[in-house]
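The values are calculated or read from the model by the stated rules, or taken from the named source; none is laboratory data. This is a predicted model, so every value here is computed, not measured. Here the Cβ positions follow ideal geometry from the backbone for every residue, glycine too, while neighbour counts run over all protein chains shown.
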Amino acid sequence: MNNMSPEVALNRISPELRPLLCSVVRNGRVGLDSTNCLRITDLKTGCTSLTPGPCCDRFKLHIPYAGETLKWDIIFNAQDPELPPDFIFGEDAEFLPEPSELPHLVQWDAEDPECLLQLVKELIQQYHQYQCHRLRESSRLLFEYDSLLEDPDYGRSLEIYAGHKNSWTGEFSARFLLKLPVDFSNIPVYLLKDTALDPGEDVALLFVSFEDAEATQVFPKLYLSPSIEHALGGSSALHIPAFPSGGCLIDYVPQVCQLLTNKVQYVIQGYHKRREYIAAFLSHFGMGVVEYDAEGFTKLTLLLMWKDFCVLVHVDLPLYFPRDQPTLTFQSVYHFTSSGQLYSQVQKSYPYSPRWDGNEMAKRAKPQFSATRQAFCSGLVIK
Amino acid sequence: MAASISGYTFSSVCYHSANSNSDHEGFLLGEVRQEETISISDTQISSAELLQVVEVHNHEPCAQLFSFYNYAGLVNEENLNKILKERRKNVIGWYRFRRNTQQQMSFREQIIHKQLTQLLGVPDLVFLLFSFISTANNSTHALEYVLFRPSRSRYNQRVTLSIPNLGNTSQQEYKVSSVPNTSLNYAKVIKEHGAEFFDKDGVMKDIRTIFQVYSALQDKVQAVCGEVEQSERVKEKVQQEVNKLKQQIALRKQKNAEEERRILEAQNPEPLPTPEENTEPPETSLLSLVAFNTPSTPERPGPSANPPAYADLLSLQDNSLLPSSSSPTSAALLPRPQAVGSPGHPSPNPMGLGLGLSVGSNEDEDSSEYENLVSEVAQLPPVTINVLAQGRPASLSPDGDASARGSQT
């Protein structure tokens, strides 16, 4: 039951309540972690067991918040679908929002499909304030929060979860989830994952866990949208520095932001550089171009001829070009290896400088091709 | 804090709730009382424990949800009064029934509870939550109930709710609840037919009758006890008389024997040994006679320091033959040594339980002496005869009739 798909869950809900749940399940994204949708489980009914279904009118709503998942019970009455729901806030028994600050509750409109979703968002805001209030238990962590709050870049996109590790004993701990103000809009579209599968907002979240009230055990983690992670070269390509001992978030977060921004800039520049490189080679080698990657500009294939002897040259441009040197692969069109493949020879080291522009690289590539081609052909003759 | 609810109120709330096709709510009516228990132990002089007891007598269901509050949970006092009317002062809590939910107060319930606490003026207003949990295949349904007092701290909110006689009553008696029956119909019927069973003070007539019988029986028993005591005392007196007479007989015998001896001596000058046993009694018998007349302290008769002269005793003998009273000074009879515990000692028990004490073993021995006393008995004053006639061992026949006076000697 807990892993049922949203559509299955919707089919069990009482028909009068279904529109409200649709917007929650299909469009429901609250909080910073908008990659995770709201989820409903444990559907039950408040009607007698003799009532024919579907008549479920109470369920558990899973809400991602500050790295945790809140599980709130929402209670409707199928016999009175026009009435607003009631809530049980799970383990947060002391959380009691002010009803007057919940406009979508005070003026509940059962005809508005978005009403429940908006009400949940308002409750999350109140919940955030409640958690911030709990930070007062630790002056150190409260300082962290206040200092971030003062910075407009971070204060507006912050989620906090504070409390004891368990109800009776345990160290007071807190979790901060920040949305980093990094601009991903210039990342070339092709670098991002298939947007049809991941239509969500591109976002980078920094999750910092304080395991004690004095901030001696701090564990940061960076979460990226799948498309951004792919564009930047995967999870292994990006490592954030450890939280400095005695440091504070107001110093650490900008550091991570800068690192990420640099990375993104580098990726964007690399794209443009590659495009420039390909354009220069197209200009210099003209009719000799067999094919090239017109989207990502990562590949170029040339057909060179020397005294009626044709050689294919494949140029592979890496992600972090021009920092990383392109790979040249010479391939024969006449000869096969014993395994049935066309004979080829890879060359990674040749005179190269990342400071050259595309035109310069294309110019210097010609004598390099000549020299390498001679050696390649000699090798073929011997074979 | 403790709480209790009568079985019929509980079942009535459950009935209303289970028959509703949605959540259901209402108010609990009853009273709160304080119980103080003072215990004394070895470790401390006394300790007083104060317990607040909430008793639920009745309930007032609400016809529908949101009947006295709005969407924001704001309580409307006017609607509240319409529901409660004059029973507002009896409200001690409220209840809510919801199926398939957690046993935890919800957001709106907490908001409403706070307002009700203030509006109704009940600081420890309780909240009874019913949850009806059904399994997926509807094979098992559980009705769970929890009583909260939200005014307390988070970890001290739940109160045990007891329902008298809900449980295993096979090994314990059916407990009568202290909850009064507030039903109007019940009061009407009792008032109409109560006169047949209750008197003007509200006490059952049968109880009073039984108590009267008990009192009468007690009086009779007391009377019989008095009679037994009197009878025993009379018997004691008669016993003393009998002993006196026995002594007289013995004395006379002795006198006769001595006279015969003198006559023989006069006829025959040979000295004859005098029986020594005759010299001992005069000294000791007086004292033993004194002891006889004080039955509460029977003691072993012993020789006194200055026993009276034998001649003096003889001179007093004729004058004091008739036992006029039981005073020790009238004991001019020759004393006769008796061992302690002899049947001649009357029992010290005023109830006269010494029924077995009679003339006893001496009867056969002295039967010949009684023959001599026949003429003497005739000379005894009438009072003595009466004493003899009454002095039979008191015995209670099985029917307890003390008036039956069969001849028994």
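Need the failing condition index for B:H113 against (1) farther than 25 Å from B:R33 by Cα; (2) surrounded by 13 or more Cβ atoms within 10 Å (Cβ to Cβ), just the number.
So the condition that B:H113 fails would be (1).
Taking the condition of being surrounded by fewer than 21 Cβ atoms within 10 Å (Cβ to Cβ) and more than 11 Å from A:F95 (Cβ to Cβ), how many residues in region A:129-144 meet it?
7
Answer with yes or no whether A:L43 is surrounded by 16 or more Cβ atoms within 10 Å (Cβ to Cβ) and more than 11 Å from chain B (Cβ to nearest Cβ). Can you show your working first?
On the way: surrounded by 16 or more Cβ atoms within 10 Å (Cβ to Cβ): yes; more than 11 Å from chain B (Cβ to nearest Cβ): no.
In short, no.
In the list B:S41, B:S22, which residue meets the criterion of being hydroxyl-bearing (S, T, Y) and either touching a strand residue (DSSP E or B) at 6+ places or on another chain (Cβ under 7 Å) or closer than 30 Å to A:K60 by Cα (or both)? Working first, answer last.
Details: B:S41 fails: either touching a strand residue (DSSP E or B) at 6+ places or on another chain (Cβ under 7 Å) or closer than 30 Å to A:K60 by Cα (or both).
Of B:S41, B:S22, the one residue that is hydroxyl-bearing (S, T, Y) and either touching a strand residue (DSSP E or B) at 6+ places or on another chain (Cβ under 7 Å) or closer than 30 Å to A:K60 by Cα (or both) is B:S22.
Check region A:225-237 and report whether any residue there is closer than 15 Å to A:L206 by Cβ and more than 14 Å from the chain's Cα centre (by Cα).
The answer is no, given that none of the residues of region A:225-237 is closer than 15 Å to A:L206 by Cβ and more than 14 Å from the chain's Cα centre (by Cα).
Just one of the numbered conditions (1) more than 13 Å from chain B (Cβ to nearest Cβ); (2) surrounded by fewer than 21 Cβ atoms within 10 Å (Cβ to Cβ); (3) in a helix (DSSP H, G or I); (4) without any contact (Cβ under 8 Å) to a residue 60 or more places away in the chain is not true of A:Q126; which one?
A:Q126 satisfies all of (1) more than 13 Å from chain B (Cβ to nearest Cβ); (2) surrounded by fewer than 21 Cβ atoms within 10 Å (Cβ to Cβ); (3) in a helix (DSSP H, G or I); (4) without any contact (Cβ under 8 Å) to a residue 60 or more places away in the chain except (1).
Could you check region A:102-117 and list, in sequence order, the residues that are in a helix (DSSP H, G or I) and more than 14 Å from chain B (Cβ to nearest Cβ)?
Residues of region A:102-117 in a helix (DSSP H, G or I): A:103-106, A:115-117.
Hit for region A:102-117 is A:L117, nothing else.
Could you figure out which of (1) assigned to a helix (DSSP H, G or I); (2) at pLDDT below 90 isn't true of B:F132?
(1)
Does region A:338-352 contain at least one residue that is of a type in the set (A, V, I, L, M) and surrounded by fewer than 14 Cβ atoms within 10 Å (Cβ to Cβ)? Show your work before the answer.
Pass one, region A:338-352, residues of a type in the set (A, V, I, L, M): A:342, A:346.
Filter once more, so that each one left must be surrounded by fewer than 14 Cβ atoms within 10 Å (Cβ to Cβ): A:342, A:346.
Yes - at least one qualifying residue is present in region A:338-352.
Can you tell me which residue within region A:9-34, out of those that are part of a helix (DSSP H, G or I) and of a type in the set (V, I, T), is nearest to A:L117 (Cα to Cα)?
Of region A:9-34, the ones part of a helix (DSSP H, G or I) are A:9-12, A:15-27.
Remaining after also requiring of a type in the set (V, I, T): A:24-25.
Working: A:V24: 6, A:V25: 9 Å.
Ranking the candidates gives A:V24 first.
Failed condition for B:V242, given (1) closer than 30 Å to B:H59 by Cβ; (2) modelled with pLDDT of 95 or more, with all others met?
(1)
When only residues in region B:83-113 that are among the charged types (D, E, K, R), touching a residue at least 12 places away in the same chain (Cβ under 8 Å) and over 30 Å from B:H141 (Cβ atoms) count, which is farthest from the other protein chains (Cβ to nearest Cβ)?
Here is the first cut: in region B:83-113, the residues among the charged types (D, E, K, R) are B:85-89, B:96, B:98-99, B:108-109.
So of that shortlist, the ones also touching a residue at least 12 places away in the same chain (Cβ under 8 Å) come out as B:87-88, B:96, B:98-99, B:108-109.
Then drop every residue that is not over 30 Å from B:H141 (Cβ atoms), which leaves B:87-88.
Numbers: B:R87: 26, B:R88: 24 Å.
So, considering only residues that are among the charged types (D, E, K, R), touching a residue at least 12 places away in the same chain (Cβ under 8 Å) and over 30 Å from B:H141 (Cβ atoms), the one farthest from the other protein chains (Cβ to nearest Cβ) is B:R87.
Just for region A:66-94: of the residues that are at pLDDT below 90 and outside any loop (DSSP other than H, G, I, E, B), which one is farthest from the other protein chains (Cβ to nearest Cβ)? Talk me through it step by step, then tell me what you get.
Step one: filter region A:66-94 for residues at pLDDT below 90, giving A:66-69, A:90-94.
Add one more test, that the residue is outside any loop (DSSP other than H, G, I, E, B), and what stays is A:68-69.
On the way: A:E68: 19, A:T69: 17 Å.
Within region A:66-94, the match that is farthest from the other protein chains (Cβ to nearest Cβ) is A:E68.
State whether the residues of region A:273-281 include one that is surrounded by fewer than 16 Cβ atoms within 10 Å (Cβ to Cβ) and of a type in the set (D, E).
Applying the first criterion (surrounded by fewer than 16 Cβ atoms within 10 Å (Cβ to Cβ)) to region A:273-281 yields A:279.
Still in the list and also of a type in the set (D, E): none.
The answer is no, given that none of the residues of region A:273-281 is surrounded by fewer than 16 Cβ atoms within 10 Å (Cβ to Cβ) and of a type in the set (D, E).
Spot the failing condition for B:P123; the list is (1) within 10 Å of chain A (Cβ to nearest Cβ); (2) surrounded by fewer than 16 Cβ atoms within 10 Å (Cβ to Cβ); (3) in a loop (DSSP other than H, G, I, E, B), and only one is missed.
It fails just one condition, (1).
Checking B:E109 against (1) among the acidic types (D, E); (2) within 52 Å of the chain's Cα centre (by Cα); (3) under 23 Å from A:I74 (Cβ atoms), which test does it fail?
That leaves (2) as the condition not met.
Could you tell me how many of the residues in region A:46-59 are buried (at least 16 other Cβ atoms within 10 Å of the Cβ), within 14 Å of another protein chain (Cβ to nearest Cβ) and within 15 Å of A:L10 (Cβ to Cβ)?
5
Restricting to region A:13-62, name every residue that is under 28 Å from the mean Cα position of the chain (by Cα) and hydrophobic (A, V, I, L, M, F, W, C).
Of everything in region A:13-62, those that are under 28 Å from the mean Cα position of the chain (by Cα) and hydrophobic (A, V, I, L, M, F, W, C) turn out to be A:L21, A:C22, A:V24, A:V25, A:V30, A:L32, A:C37, A:L38, A:I40, A:L61.
Within region B:16-65, how many residues turn out to be in contact (Cβ under 8 Å) with a residue 40 or more places away in the chain and either exposed (fewer than 10 other Cβ atoms within 10 Å of the Cβ) or within 14 Å of chain A (Cβ to nearest Cβ) (or both)?
Initial filter on region B:16-65 (in contact (Cβ under 8 Å) with a residue 40 or more places away in the chain): B:16-18, B:20, B:22-32, B:51-59, B:61, B:65.
Next, from what is left, pick out any that are either exposed (fewer than 10 other Cβ atoms within 10 Å of the Cβ) or within 14 Å of chain A (Cβ to nearest Cβ) (or both): B:16-18, B:20, B:22-25, B:65.
Final tally of qualifying residues: 9.
So in region A:147-182, with the set limited to residues that are aromatic (F, W, Y) and over 22 Å from the mean Cα position of the chain (by Cα), which one is modelled with the lowest pLDDT?
Just the residues of region A:147-182 that are aromatic (F, W, Y), to begin with: A:154, A:161, A:168, A:172, A:176.
With the extra rule that they be over 22 Å from the mean Cα position of the chain (by Cα), the set shrinks to A:168, A:172.
Working: A:W168: 58, A:F172: 79.
Step by step, filter region A:147-182, then rank; the result is A:W168.
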